[in-house]
Ligand code: AMP
């Protein structure tokens, strides 16, 4: 497995492989790899001739009061995991390679970045969209693999690929979960064992809403209230938002209609750790 630390190196590698008609898969991550990340890599290995995984903790998607400095980093372990799971190359650029002195350009996906996460982390999606665009331009992949875990992010990346006419196929992969339903996340390392158990309530909350929808509930506010009530069973939870929306565009009608594909969305803190999760449901 190759390890590249500059854009030039990864681009040369990718172009050389493409000239041989090989299909290149790309999995962007911030490292501290877990089975969620590795399931994306598995999908890439399966679908593509060559898979590149990037590790870059992107300063532009963290607000000053967030955990950029303490974000979990374990490069040695990540390299071994990626190698074991069949990555052909790891791309780990430096901050100054991605944001050279004098850097000014931003990528904004106007509407999709506003609701839900956008309200609580207003800086976030601009940072994500900008860095992903730069990573795509550097790696020049045919296929990219993202996790449904970050559902709104998936919509935004899919949109920007279309809007910028990038010749990339977008793949959204299912959420990898712990046995109690907790969505895997690098930030779960911040949780104690006891907190991890308790955090299962987030998935139970989504399940509760799904069951009520299956029984015929269509009113968005009632669906949200069901989730709010369930989530509040755990005292230590501080809720950023619970919501339900049309899955394709995040619009929030008063009532959903038969045939609608909707997404249930949750963001909350368990003590100091921020958890997000979601579920797709067909009405
Ligand atoms: P991150 O390192 O958190 O920026 O995540 C990198 C990629 O892995 C993103 O596309 C995430 O959506 C995806 N990912 C993170 N956690 C999971 C999970 N539990 N299941 C599936 N994909 C995930």
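Bear in mind that the values in this text are calculations on the coordinates, not laboratory data. None of the values given here were measured: they were computed from a predicted structure. Every residue, glycine as well, gets a Cβ built from its backbone with ideal geometry; the counts of neighbours run over all protein chains shown.
Dimensions of the stretch 209-254 along the principal axes, based on C-alpha atoms and rounded to the nearest Å, stand at 31, 24, 14, largest first.
Computed per residue of the chain from DSSP H runs no shorter than four, each worth -39500 (n - 2.57), the mean residue ellipticity at 222 nm is -11000 deg cm²/dmol. Dividing the alpha-carbon radius of gyration of the stretch 10-65 by the rule-of-thumb value 2.2 N^0.38 Å gives 1.35. Both the radius of gyration and Dmax for the stretch 145-283 are 15.5, 47 Å, in that order, over alpha-carbon atoms.
All Cα-Cα distances of the chain, cut into 5 Å bins from zero to the largest, leave 1, 5, 12, 16, 18, 17, 13, 9, 5, 3, 1, 0 percent in each bin in turn. Please report the spacing between the Cα centers of the stretch 1-47 and the stretch 118-148 in Å, no decimals. So the separation of the two Cα centres works out to 15 Å. As a ratio to 2.2 N^0.38 Å, the alpha-carbon radius of gyration computed for the stretch 1-126 takes the value 1.16. In the chain, the DSSP beta bridges split such that about 50 percent are antiparallel, to the nearest 5. Normalised size of the stretch 173-223, defined as Cα radius of gyration per 2.2 N^0.38 Å with N residues, equals 1.37. Between helix 201-214 and the chain, what is the angle of the helix's C-alpha long axis to the longest principal axis, kept within 0 to 90° and rounded to the nearest 10? Tilt of helix 201-214: around 60 degrees. Between 76, 197, 208, which gets the highest mean-square fluctuation from a Gaussian network model of the chain, Cα cutoff 10 Å? Largest GNM mean-square fluctuation: 76. For the stretch 198-245 versus the stretch 255-283, the spacing of their alpha-carbon centroids is 8 Å. Here the Kirkwood formula, the inverse mean of 1/r across different C-alpha pairs, assigns the stretch 55-120 a hydrodynamic radius of 14.9 Å.
Using a Gaussian network model of the chain in which every pair of alpha carbons under 10 angstrom is joined by a spring, one finds that among 237, 55, 95 the greatest mean-square fluctuation is at 95. Against the chain, whose longest principal axis is taken from its Cα atoms, helix 75-84 shows a tilt of about 90°.
Label positions at residue 20 and residue 283, each projected 7 Å from the Cα along the C-beta direction, are separated by 5.1 nm. Under the criterion of Cα pairs below 8 Å and six or more residues apart, the relative contact order for the stretch 19-167 equals 31 percent. Axis of helix 35-47 versus longest Cα principal axis of the chain: the two differ by about 60°, to the nearest ten degrees.
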